[in-house]
Amino acid sequence: FSLSKGVEITGAKLRKIRREEGRFKVKAYMMRRLGQRDHARKELFNKAIKKDYPKEVINNVLDELQEKDYLNDTSFAEKFAVDKHHLNKWGPTKIKAHLYKKGISNSVAERSIASAFADVDFRETLLNLVLKRKRRFLREEDPYKRKKKVVDHLARKGYRQSDIYDHLDELMKAIKQ
């Protein structure tokens, strides 16, 4: 701002300095968040709103971050889908719901889930999930209730009913062994 000792600050210049200082705070806050992990645009917007930053400034900073490619919803969605599948063993339905909650568009979410599950063998994944909880399922004596518990567990993990029912008989046999 070309400030130095003896320079008089007018009201307009003071407002400009304050506005830029506020913008710097918002940008620094968002850069700290992005330094911890990737975020979706809506996710960062909501966090900044909770800090009571002005919406106009938030949007300007978000636009700048997207322009510099620090913020990219597509790459965030792809990383999120891969991480949640590999680390948490989430299914496509649960991942899509969480991506939608984070402000990712339906088409981007679909593409990222398709790429994350491109080479996944659902039979193997479902089998591993069921075998991890084998003892809990075996506590149930009634085979119908046991089957329902297996289906409910896999549905909560985010797997589609069609994928579950395609392999259900095989999963039930694996539990009995």
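The values are calculated or read from the model by the stated rules, or taken from the named source; none is laboratory data. Just so we're clear, the structure is a prediction, and the values are computed from it rather than from any experiment. Ideal geometry is used to build each Cβ from the backbone, glycine not excepted, and the neighbour counts take in all protein chains shown. The protein model used for the area step is the full one, side chains on, heavy atoms only, and it has no ligands, DNA or RNA in it. Shrake-Rupley method; radii C 1.70, N 1.55, O 1.52, S 1.80 Å.
Descriptive notes on the structure:
- Estimated FRET transfer efficiency (S75, N106; beta-carbon r; R0 22 Å; 0.05): 0.80
- In the chain the longest region clear of GluC sites (Glu not before Pro) that are loop-assigned by DSSP and have at most 13 other C-beta atoms within 10 Å covers 9-140.
- On Cα atoms only, tilt of 106-116 relative to the major axis of the chain in degrees: 60 degrees
- Across the chain, the volume of the C-alpha convex hull divided among the residues equals 144 Å³ per residue.
- The long axis of helix 161-176 is offset from the longest Cα principal axis of the chain by roughly 50 degrees.
- Applying D = kT/(6 pi eta Rh) to the stretch 5-104, where Rh is the Kirkwood radius over alpha-carbon pairs, T corresponds to 4 °C and eta to 1.567 mPa s, the Stokes-Einstein value obtained is 84 µm²/s.
- Carbon plus sulfur fraction of accessible area for the chain, probe 1.4 Å, in percent: 49 percent
- On the basis of the beta-carbon distance and an R0 of 22 Å, L138 and R37 show a calculated FRET efficiency of 0.05.
- Residues of the stretch 36-68 with amide N under 19 Å of the 7 Å Cα→Cβ point at K16: 57
- Taking all protein chains as they are arranged and a probe of 1.4 Å, the heavy atoms of R37 leave approximately 100 Å² accessible to solvent.
- For the chain, the per residue solvent-accessible surface stands at 66 Å², with DNA, RNA and ligands left out and a 1.4 Å probe.
- Taking the stretch 119-156 and a reference point 7 angstrom along Cα→Cβ of D166, the backbone N atoms nearer than 15 Å belong to 119-127.
- When each of K25/K79; K96/K173; K84/K134; K27/K101; K55/K101; K50/K89 is checked by Cα-Cα distance, pairs over 25 Å: K25/K79; K96/K173; K50/K89
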